[in-house]
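Bear in mind that the values in this text are calculations on the coordinates, not laboratory data. This structure is a prediction, so every number in the text was calculated from the model and none was measured. Note that each Cβ is placed from the backbone with ideal geometry, even for glycine, and that neighbours are counted across all protein chains shown.
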Amino acid sequence: MPKNDLGHQITTWVDGRIKEMLAAPRMWGAGLEAVELQVLTLLEVRALAVDSEREHAQPRRLLDAYVQLLGQRFNHQSARPLHEIVGPEGDAAFVTIISELSEALKDSPADDDFFTKSYVGIELRFKPGKFLSAQAVTSFYEDFRRATRSLARVGAGRTGRVEQSIEAGTDFELESVQITPLNGVPARAQIALGAPYGQIDLVSGERIRTALDQILDVAQRADIEGSAGLHGFGTNLDAESRTRALVQTLRLLPRGGIDEVRIGGKYVAREPVRLRRVHAPKVMAAVAEDTEPTLYDHTALIRAIDLDRGSIIHGRGRDSRISCYVSPEDSDKVTHVGISARIVGQRYEPRNGQPFVIAEEIEIVADREHPRSSAADSRAASDFRSPR
């Protein structure tokens, strides 16, 4: 919803004017075509009052959504305006359908209330025509929790189990999940998270808040039009922490049927931040800001898996092993350590940090346990898995 009084006045006026027009459509034009064009224009003005940055960045967003909804309503017939579909005598059908479509195209008045009232609020907006699945919702929440937890852990290179205080501090209470199913309107899920149970020490609480703030800072900068948004990000961070903040944000960008993610709430203490898949090139460019990536294409043993950081250790020797960040989709292919896998991706060597790989493709070459050099190796590989 609009962030100022003028915006609120505009949306209220537009809603009232559309209602008046549809009560007596023939008073507002010689035919239904004129009324349809006026309604669409008013909806664009309303959308501009709600989120001017979004509408400037996507000037055809509302019209494209309108065409999409018409296609869903009429079984994806060739694109035609509503007045042609219902015909010149179809006033009643025209009013009913355009009223429903107008409501579907409006930003929900409850959006701001949701983030204002939530301790942490996560909203998943699905692509038109995509069904909302339980797996998409639960998978994103788990990635969100792990990404936050990975940045809050002590030390850039720390392995093993997460400190208990960090584990408890990122175990947010699930207060509610509100579902808007696919029904002529793009599906949406709003996840309201409450404060974690129990006492969280001040140091751990501050590390968790800082970790989440880093992710949202990357997302907010990437959402700025142009390429300058992420330039200079992380000047107050060491190279390892900066890289991890960028990579963990990549991990949370929408995938599959999810079109857009918004994160806000009282704990976040900022306006809701938007994550979109189109942000990926900007974040990748920021990762490569001080290093030129080179091709990585190797087959070797997977020595360890870090579920929190979404990474695996590829290679056996001290000089050949390297940390590879994998996408949530590809991480499902790696079920245990000790297997041989071919990883293709981009290798980065920051000036002041450890080399790493962002994997683009993983192929399991031998899905079986390999002999380990010692019992200590076995324990290290196992303990490196983060607890679920």
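Some notes on this structure:
- Cα centroids of region 283-345 and region 9-73: 48 Å apart.
- Our summary gives region 110-287 a relative contact order of 33 percent, counting only alpha carbon pairs under 8 angstrom and 6 or more residues apart.
- Shape category assigned to region 110-287 from the gyration tensor of Cα positions, a/c cut at 1.5: oblate
- Taking a straight Cα-Cα cut-off under 24 Å and skipping sequence neighbours fewer than 8 places away in the same chain, the lysines within cross-link reach of LYS266 are LYS3, LYS117.
- Within a Gaussian network of the chain (alpha carbon springs, distance under 10 Å), most fluctuating of ALA245, ALA211, ALA288: ALA288
- Residues of type lysines that LYS127 reaches as a straight line, Cα spacing below 18 Å, ignoring anything fewer than 8 places off in the same chain: LYS106
- Estimated 222 nm signal from helices in the chain, with DSSP H stretches of n ≥ 4 weighted -39500 (n - 2.57), rounded to 500: -13000 deg cm²/dmol
- Tensor-based shape of region 5-105 (alpha-carbon gyration tensor, a/c under 1.5 rounded, otherwise prolate or oblate): oblate
- Result for the chain in a Gaussian network model with C-alpha springs under 10 Å: among VAL120, VAL283, VAL35, the largest mean-square fluctuation is at VAL35.
- Taking a point 7 Å from the Cα of THR96 along the Cα-to-Cβ direction, the residues of region 6-42 with backbone N closer than 16 Å to it are 23.
- Reported label for calculated Rg and Dmax of the Cα atoms in Å given (1) 24.3, 75; (2) 26.3, 102; (3) 24.6, 85: (3)
- Taking packing as the residue-averaged number of other Cβ atoms within 10 angstrom, the listed peptides 215-221, 266-272 run from highest to lowest as 215-221, 266-272.
- Global form of region 186-252, assessed from the alpha-carbon gyration tensor, a/c cut-off 1.5: oblate
- Mean separation of Cα contacts under 8 Å, 6 or more apart, over the residue count of the chain: relative contact order %: 14 percent
- Projected label points at PHE131 and ARG351, each 7 Å from Cα along the beta carbon direction, are separated by 5.3 nanometres.
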